[in-house]
Amino acid sequence: MNIACIVCIGALLLAGIAAAQDGRQGIQRATISLGDGDAGGGFPLYGDAFAGVMNEADQTLSIEPRNTKGSNEIFRC
């Protein structure tokens, strides 16, 4: 296969990718729930700070901290 044929195939592939994109739609945000422990403990403080920094750093990501019952929620004896 000669170089002109490879270049033409590459140009067609790039044109197809560009045509498939819709410029009117923005990038969708992915939402992640972050379980950060008991409301009275220290983990929610760190979870809120982590979520705030990550939300500012990546506009396509939305981290929502959630209070949980800690290890009692997972391990019930």
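In order along the stretch 55-68, the Karplus-derived 3J(HN,Hα) couplings, from 6.51 cos²θ - 1.76 cosθ + 1.60 at θ = phi - 60°, round to 5, 6, 6, 10, 6, 8, 10, 10, 9, 10, x, 10, 6, 10 Hz, and Gly and Pro are given as x.
Extension gain, residue 45 to residue 29, is 3.4 nm, computed as 0.36 nm per intervening residue step minus the present C-alpha separation.
Taking amide H as placed 1.01 Å from N in the peptide plane, the amide H of residue 61 sits under 5 Å from that of 30, each at least 5 places away or on another chain. Residue-wise HN-Hα couplings along the stretch 28-43, as the Karplus relation 6.51 cos²θ - 1.76 cosθ + 1.60 with θ = phi - 60° gives them from phi, are 6, 8, 8, 9, 10, 8, 10, x, 10, x, 5, 4, x, x, x, 5 Hz; Gly and Pro carry x. Distant-in-sequence amide contacts of residue 35, defined by a placed amide H-H separation under 5 Å and a gap of 5 or more residues or a different chain, comprise 66.
Quick note: the coordinates plus some simple rules give every number you see, no bench work behind them. All figures in this text were calculated on a predicted structure; none of them were measured in a lab.
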